[in-house]
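Working notes, structure below.
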Amino acid sequence: KAIANEGLDAEIICLARTKKGDIDRALDCDVDGIITFMGTSDIHLEHKMHIKRQEALNICMKSIEYAKDHGLFVAFSAEDATRTDLDFLKRVYSKAESYGADRVHIADTVGAITPQGITFLIKELRKVTNVQIAMHCHNDFGLAVINSIYGLLAGGSAVSTTVNGIGERAGNASLEELIMSLKLLYGKDLGFKTKYIQELSELVSKKTGLEIPYNKPIVGKNVFRHESGIHVDAVIEEPLTYEPYLPELVGQRRQLVLGKHSGCRAVKAKLDECGFKVTNDQLCQIVKKVKESREEGKYIDDDVFKDIVRSIDSNYVDL
């Protein structure tokens, strides 16, 4: 309710089971709409709901009708849709439209569909419904983002995403990966201010206590880190040799990491970044010391690097 009353330039939609009580609570929160859901696969109906298909269908339609009668935007989500009998799923979505649903959601609850499968499924559903189709993809097989993209390409109009891909089990489709893939690989700019992606990612990480993996696409600390001598030399001359886009586009920054693969050019760039100069002989000594320190298992952060410089150049003072 607090979010709904913040006056945000956004439609606030909440999740509600196919229960009158849930829908009433949504109404009390002043939201614009709901996503009401029920499992439709046989495994869910038998082992979770303990009801037959027809009873499930009746419950779903009653909830859609009730929510529409109270002026809500209504999206109906068939939980475990991708493991639901296709003919029954078509029947559910067709009925949902006839009862006033504004949008239907394909919930890939255990991440079990493929890009080709989602394409086929949407084309089949288009034969029986004209309302918007949305995808809710889980990442159990690492396919949440690409399944979401293929769903959009096949005619879907919306996708569910989360910042950093957080979610149950293996998570959901990552907002930042989806945005940047669509923008740079498919030429579909959704209008997001991408320079705030890193800030948003770190905020969510801090608030949830879920650390961002170093190799997480788009927002991981390693995404724009370069250590290999060949890589660093090329990146210094032209960043796009080893970067698909400039880090500033997503609020990241490039880091030239020093290690056992670092050469004179990388160390020289780091020296320039720190704002001091050394002789060629001292440069060679620093490079050697950097390699030795990394071999000893030390991570060459700025403090360690400055200590190395001090050990070579006693005149260096960190101001």
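Structure values in brief
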| read-out | value |
| --- | --- |
| Residues satisfying the stated conditions in the stretch 248-274, i.e. of a type in the set (A, V, I, L, M) and at pLDDT 95 or above | LEU249, VAL250 |
| Residue in the stretch 107-124 that is more than 30 Å from ASP69 (Cα to Cα), surrounded by fewer than 18 Cβ atoms within 10 Å (Cβ to Cβ), aliphatic (A, V, I, L, M) and under 24 Å from the mean Cα position of the chain (by Cα) present | yes |
| Residue count, the stretch 275-294 (criterion: at pLDDT 85 or above, within 41 Å of the chain's Cα centre (by Cα) and surrounded by fewer than 17 Cβ atoms within 10 Å (Cβ to Cβ)) | 2 |
| Subset of the stretch 167-208 (residues that are in a loop (DSSP other than H, G, I, E, B) and of a type in the set (A, V, I, L, M)) | ALA170, ALA173, LEU185, LEU190 |
| Filter result (touching a Phe, Trp or Tyr at 6+ places or on another chain (Cβ under 8 Å), more than 17 Å from GLU227 (Cα to Cα) and not basic (Lys, Arg)) within the stretch 279-312 | VAL309 |
| Selection from the stretch 100-120 of residues that are of a type in the set (A, V, I, L, M) and part of a helix (DSSP H, G or I) | ILE118 |
| Failed item in (1) under 32 Å from the mean Cα position of the chain (by Cα); (2) outside any helix (DSSP H, G or I), with GLY297 passing the rest | (1) |
| Residue within the stretch 149-166 that is without any contact (Cβ under 8 Å) to a residue 40 or more places away in the chain, part of a loop (DSSP other than H, G, I, E, B), touching a helix residue (DSSP H, G or I) at 6+ places or on another chain (Cβ under 8 Å) and closer than 15 Å to SER201 by Cα present | yes |
| From the options VAL145, VAL110, VAL131, residue that is touching a Leu at 6+ places or on another chain (Cβ under 9 Å) and either more than 30 Å from LYS206 (Cβ to Cβ) or without any contact (Cβ under 8 Å) to a residue 60 or more places away in the chain (or both) | VAL145 |
| Criterion (out of contact with any strand residue (DSSP E or B) (no Cβ under 8 Å at 6 or more places or on another chain), in a helix (DSSP H, G or I) and touching a residue at least 40 places away in the same chain (Cβ under 8 Å)) met by exactly one of LEU249, LEU240 | LEU249 |
| Yes/no for SER77 being surrounded by 15 or more Cβ atoms within 10 Å (Cβ to Cβ) and touching a Lys or Arg at 6+ places or on another chain (Cβ under 7 Å) | no |
| Candidates SER174, SER160, SER205, filtered to the one that is of a type in the set (Gly, Ala, Ser), more than 10 Å from the chain's Cα centre (by Cα) and buried (at least 17 other Cβ atoms within 10 Å of the Cβ) | SER205 |
| Filter result for ALA266 (touching a Gly at 6+ places or on another chain (Cβ under 7 Å), surrounded by 14 or more Cβ atoms within 10 Å (Cβ to Cβ) and small (Gly, Ala, Ser)) | yes |
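The values are calculated or read from the model by the stated rules, or taken from the named source; none is laboratory data. These figures come from a predicted structure and were not determined experimentally. All Cβ positions, glycine included, derive from the backbone under ideal geometry; neighbour counts span all protein chains shown.
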